[in-house]
Amino acid sequence: MARKVLDAAHKIVAPGITTEEIDKLVHELAIENEAYPSTLNYYHFPKSVCTSVNEIVCHGIPDMRPLQEGDIVNVDITIFLRGYHGDVSETYPVGAQSKSSLELVKTAYESMHKAIEICKPDTPFKAIGEIIGSYADSKGLAVVRDYTGHGVGKLFHSEPSVPHYPTQMKQVMRPGHVFTIEPMISQGTYKIKEWPDKWTVATVDGQRSAQFEHTILITEDGHEILTARNENSPALNI
């Protein structure tokens, strides 16, 4: 369901569309399918989706500002259905892009998938951060360190914490683990600042940031991407 809702949101991303319109679509589609948008009223978050534009790293609150040609926007959706949360996000180019913006978005996407590829039983969680950190470094980009992936299922956020940068974490993956991988990659520094609304997080230098996220299940012999794109998913155009 989270994938279905995210793809529907993606289809309306265009210059002139407001993030408030994206929020309205997400809310209505979730309710129509007897689901609930997990972010709504989560620790008083006021909307049904997070929309993070340009220098906003995460937790952007939808508003009436129209998206403009050349923007990038991350749409982060979590849906609660039949007792479980599904968490997924993607960053979309809004119209024509600079080479550096496309490289940023592509690096965020590729770093996530490089990390997913190594997920299987007995793999150390720290390997995720090593792969993402190394790949971002090779592109001259930075990995935000203040937020991590997380366990997800009956609870919106739970253990394990899944850092996207190198750590000394000792825990390994086991069959049945369900968690997100969701690197936030920035053009400048990895450092961030929180806005007065206590939710919106921006880069300290005003440079752009991009994020992709999947929910992953560790199986007996590998992994399954529970929020995978499918034949009906719109092209990312990156």
- Quick one: which strands (runs of 3 or more DSSP E) lie wholly within segment 1-110 and hold at least 3 residues that are touching a residue at least 60 places away in the same chain (Cβ under 8 Å) and of a type in the set (F, W, Y)? none
- Task: Tell me, please, whether a residue that is within 14 Å of the chain's Cα centre (by Cα) and assigned to a loop (DSSP other than H, G, I, E, B) can be found in segment 169-176.
- Result: no
- Task: Please verify whether segment 188-199 includes one or more residues that are under 15 Å from the mean Cα position of the chain (by Cα) and acidic (D, E).
- Result: no
- Query: Pick from S48, S89: which is hydroxyl-bearing (S, T, Y), open to solvent by less than 10 Å² (accessible area, probe 1.4 Å) and under 22 Å from V178 (Cβ atoms)?
  - Reply: S89
- If you go through segment 111-138 one residue at a time, how many are open to solvent by less than 10 Å² (accessible area, probe 1.4 Å), part of a loop (DSSP other than H, G, I, E, B) and touching a residue at least 60 places away in the same chain (Cβ under 8 Å)? 1
- Item | In segment 145-160, the residues that are part of a strand (DSSP E or B) and in contact (Cβ under 8 Å) with a residue 24 or more places away in the chain | G149, H150, G151, P160
- Note on the structure: Scanning segment 25-45 for residues that are open to solvent by 50 Å² or more (accessible area, probe 1.4 Å) and touching a strand residue (DSSP E or B) at 6+ places or on another chain (Cβ under 9 Å) gives H27, I31, E34, Y36, Y42
- Note on the structure: Of (1) within 13 Å of the chain's Cα centre (by Cα); (2) open to solvent by 40 Å² or more (accessible area, probe 1.4 Å); (3) not aromatic (F, W, Y), V75 satisfies every one except (2)
- Looking only at segment 182-238, and only at residues there that are of a type in the set (D, E) and without any contact (Cβ under 8 Å) to a residue 12 or more places away in the chain, the one that is nearest to C119 (Cα to Cα): E224
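The values are calculated or read from the model by the stated rules, or taken from the named source; none is laboratory data. Predicted model only: the values in this text are computed from it and were never measured. All Cβ positions, even for glycine, are placed from backbone atoms using ideal geometry, and neighbour counts span all protein chains on display. These area figures cover heavy atoms from the full protein model, side chains too; ligands, DNA and RNA do not enter into them. Shrake-Rupley method; radii C 1.70, N 1.55, O 1.52, S 1.80 Å.
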